[in-house]
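Down below is the structure, laid out as structure tokens.
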């Protein structure tokens with residue numbers, strides 16, 4: 001009898017514990033009255049190329065490791081955008097969001113139609129990006145798109161003027177897969193990865209538009225990592241470089257075509273953007289990158305290191321100036337292609353912004 005009562009008690013205790021755990025979803029609440037009347041809500045889906053650097057709960061390499069001794073002034077592009085246009089954009093409140101992996105119970109939560117998000121990180125509330133692959137956009141356990149749509153559902157009227165940026169793919173086919181493309185630009189396995197990623201992005205757009213038809217969307221093309229400082233000693237044969245570019249065209253062209261078919265969707269050409277600023281390899285396949293000059297403030301080479309004079313920080317992600325110039329291009333695209341009312345970021349503003357950060361004590 002005592003054993004049976006003990007078992008019942010333990011079962012009840014376990015049920016209460018599960019119920020308490022399920023009651024916390026790591027979603028938080030929308031800010032009340034904090035958004036400027038016409039601020040543009042910005043949502044972000046993607047990988048660590050969009051996860052904020054200043055978070056104290058890092059997932060993977062972003063977070064406290066970003067920038068080393070220069071951490072306080074090493075900003076990811078959402079952090080740059082939020083600082084440059086604080087009254088015009090709304091990336092959500094800064095805070096700790098999401099559940100740790102051990103508490104996710106994804107299938108149970110989804111089966112009960114509970115609102116939740118994960119993994120746990122410190123970032124802007126509308127920024128769902130973390131070190132992930134394309135299938136994390138819509139598939140269990142994390143389903144980034146659904147988590148963002150849950151947030152958008154809180155204020156549908158505001159998201160009629162909102163924007164979602166989708167930037168993903170490098171962890172699927174942007175690194176090791178380059179070896180295959182260098183040999184065969186039509187590599188079936190790599191093209192299969194690219195096609196699967198395009199399907200996930202298209203599905204993410206469909207899910208967003210299913211509930212928020214007026215929200216505008218930017219789909220970002222793939223960066224060619226032959227220009228990543230860690231890879232500069234590789235892929236130096238001109239034919240191999242050409243095959244890699246030709247192979248990556250399949251992904252970019254699919255996204256460009258998709259954007260052209262959808263009203264309110266724009267394509268960001270990441271490879272063209274990099275070439276405009278830093279250039280590329282010479283005809284013999286050797287590094288021949290330009291130095292980016294920020295007025296009389298700073299010169300930035302396509303090198304890796306935590307000092308802001310490097311394009312890329314030591315952990316392999318984009319550095320301060322890279323992200324400032326990326327935001328300048330993004331805002332220009334939002335204005336020209338999607339008529340989003342955000343003031344353009346001028347070259348003088350870039351110079352002043354970088355100069356002010358460089359004066360910040362470390």
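The values are calculated or read from the model by the stated rules, or taken from the named source; none is laboratory data. Predicted model, so just to flag it, every value in this text is computed and none were measured. Glycine also receives a Cβ, built like all others from the backbone with ideal geometry; neighbour counts cover every protein chain displayed.
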Note to self: Here is a check on your reading of the model: is residue 269 modelled with pLDDT of 95 or more, surrounded by fewer than 18 Cβ atoms within 10 Å (Cβ to Cβ) and under 18 Å from the mean Cα position of the chain (by Cα)?
What the structure shows: yes
Scanning the stretch 67-78 for residues that are in contact with a strand residue (DSSP E or B) (Cβ under 8 Å, 6 or more places away or on another chain) and in contact (Cβ under 8 Å) with a residue 60 or more places away in the chain, the one farthest from residue 310 (Cα to Cα) turns out to be 77
Open item on the list: Being under 20 Å from residue 283 (Cα atoms) and at pLDDT 95 or above: is that true of residue 241 here?
Closed with: yes
Assess whether residue 229 counts as being surrounded by fewer than 21 Cβ atoms within 10 Å (Cβ to Cβ), on the phi < 0 side of the Ramachandran plot, in contact with a strand residue (DSSP E or B) (Cβ under 6 Å, 6 or more places away or on another chain) and at pLDDT 95 or above. yes
Selection status of residue 192, surrounded by fewer than 22 Cβ atoms within 10 Å (Cβ to Cβ), without any contact (Cβ under 8 Å) to a residue 12 or more places away in the chain, touching a strand residue (DSSP E or B) at 6+ places or on another chain (Cβ under 9 Å) and part of a helix (DSSP H, G or I)
no
Screening 322, 326, 278 for residues that are more than 20 Å from the chain's Cα centre (by Cα) and farther than 25 Å from residue 196 by Cβ leaves only 278
Handout entry: So residue 34, is it under 26 Å from residue 335 (Cβ atoms), surrounded by fewer than 21 Cβ atoms within 10 Å (Cβ to Cβ) and either modelled with pLDDT of 95 or more or under 19 Å from the mean Cα position of the chain (by Cα) (or both)
Key = no
**Prompt:** Yes or no: residue 306 exposed (fewer than 14 other Cβ atoms within 10 Å of the Cβ) and either over 22 Å from the mean Cα position of the chain (by Cα) or at pLDDT 95 or above (or both)?
**Reply:** no
Of (1) outside any helix (DSSP H, G or I); (2) surrounded by 14 or more Cβ atoms within 10 Å (Cβ to Cβ); (3) in contact with a strand residue (DSSP E or B) (Cβ under 9 Å, 6 or more places away or on another chain), residue 293 fails just (2)
Note on the stretch 310-342: residues touching a residue at least 60 places away in the same chain (Cβ under 8 Å) and within 18 Å of residue 162 (Cβ to Cβ) are 327, 330, 331, 333, 334, 337, 338, 340, 341, 342
| said: Is it the case, given these coordinates, that residue 351 is closer than 24 Å to residue 41 by Cα, surrounded by fewer than 20 Cβ atoms within 10 Å (Cβ to Cβ), more than 17 Å from the chain's Cα centre (by Cα) and modelled with pLDDT of 95 or more? | reply: no
Of the residues in the stretch 233-263, those that are in a loop (DSSP other than H, G, I, E, B), surrounded by 13 or more Cβ atoms within 10 Å (Cβ to Cβ) and more than 24 Å from the chain's Cα centre (by Cα) number 3
Of the candidates 160, 167, 143, the one satisfying the condition of being more than 24 Å from residue 245 (Cβ to Cβ) and within 19 Å of the chain's Cα centre (by Cα) is 143
How many residues of the stretch 90-121 are touching a helix residue (DSSP H, G or I) at 6+ places or on another chain (Cβ under 6 Å) and at pLDDT 95 or above? The answer is 1
